[in-house]
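Here the structure is laid out as structure tokens; the discussion comes afterwards.
The values are calculated or read from the model by the stated rules, or taken from the named source; none is laboratory data. Please read these numbers as outputs of a predicted model, since none were measured by experiment. Note: ideal-geometry Cβ built from the backbone for every residue, glycine included; neighbour counts use all protein chains shown. Note: areas computed on protein heavy atoms with side chains; ligands, DNA, RNA excluded. Shrake-Rupley method; radii C 1.70, N 1.55, O 1.52, S 1.80 Å.
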Amino acid sequence: MVEKFIFIKEVDLNNNCPICYNNDGLYLTIKQKTIETSFYKAITPEIKYDMACKTCKSTIYPVNWTDDIELVFEYHKKAAIPRKPSTHLKKASWLAIFSGIIITICVVAILVYTNL
Ligand SMILES: [Zn+2]
């Protein structure tokens, strides 16, 4: 199983960076988790938020967030429209499903014929 985070959007924040105090480097990256196996590919409802600063190249962890950052974060969290969680079956799954149906039809046919 492969877990991947797909990029949803990046938002520039006008807040002061808690590390370097610059106010034009902070940005928030929003990503959504996807899962891929040999049978299906799914978009999960799990969202990951990463905050970092372009000026000092630091990752800003929630422990370092100021009240202002938290407010802005809550706002963007609500404004971000993630992809609808979904599951796409791959060829292998369809083949398994179709073979299942065909086997069922054969079994039913055999049962019907032997009862005649
Ligand atoms: Zn910074």
(request) Write down the accessible area per residue of the range 2-89 in Å², having rolled a 1.4 Å probe over the full set of protein chains. (result) 65 Å²
(request) Among the lysines, select those whose C-alpha is under 25 Å from the C-alpha of Lys84, and discard any that sit fewer than 8 residues away in the same chain. (result) Lys4, Lys9, Lys31, Lys33, Lys41, Lys48
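About the Cα centre of the range 53-112, how large is the charge dipole given +1 on each Lys and Arg Cβ and -1 on each Asp and Glu Cβ? Please answer in debye to the nearest 20. Intermediate values should be presented prior to the final figure.
Details: 8 positive and 4 negative charges, 79 e Å.
The dipole magnitude comes to about 380 debye.
Going by average Cβ density within 10 Å per residue, which order do the peptides 60-73, 8-21 take, highest to lowest? Intermediate results must be reported in sequence, preceding the final value.
Values: 60-73: 13.8, 8-21: 15.6.
Going by the mean number of other Cβ atoms within 10 Å, highest first, we get 8-21, 60-73.
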(message) For the chain, give me every cysteine whose Cβ has no other Cys Cβ within less than 4.7 Å, ordered by residue number.
(response) Cys106
(request) Work out the length of the dipole vector of the chain about its Cα centre, built from +1 on the beta-carbon of each Lys and Arg and -1 on the beta-carbon of each Asp and Glu, and round it to the nearest 20 debye. (result) 600 debye
(request) Among Ile19, His76, Tyr61, flag the residue with its Cα farthest along the positive direction of the charge dipole of the range 2-89, charges on Cβ as +1 for Lys/Arg and -1 for Asp/Glu. (result) His76
(request) Treating the angle as unsigned and between 0 and 90°, give the value, to the nearest 10°, between the Cα long axis of helix 67-79 and the longest Cα principal axis of the chain. (result) 30 degrees
(request) Could you pull out every residue, at least 5 positions away or on a different chain, whose amide H is within less than 5 Å of the one on Arg83? Hs are placed 1.01 Å off N in the peptide plane, and Pro or chain starts have none. (result) none
(message) Computing the accessible area with a 1.4 Å probe over protein heavy atoms, can you report the carbon and sulfur percentage for the chain?
(response) 61 percent
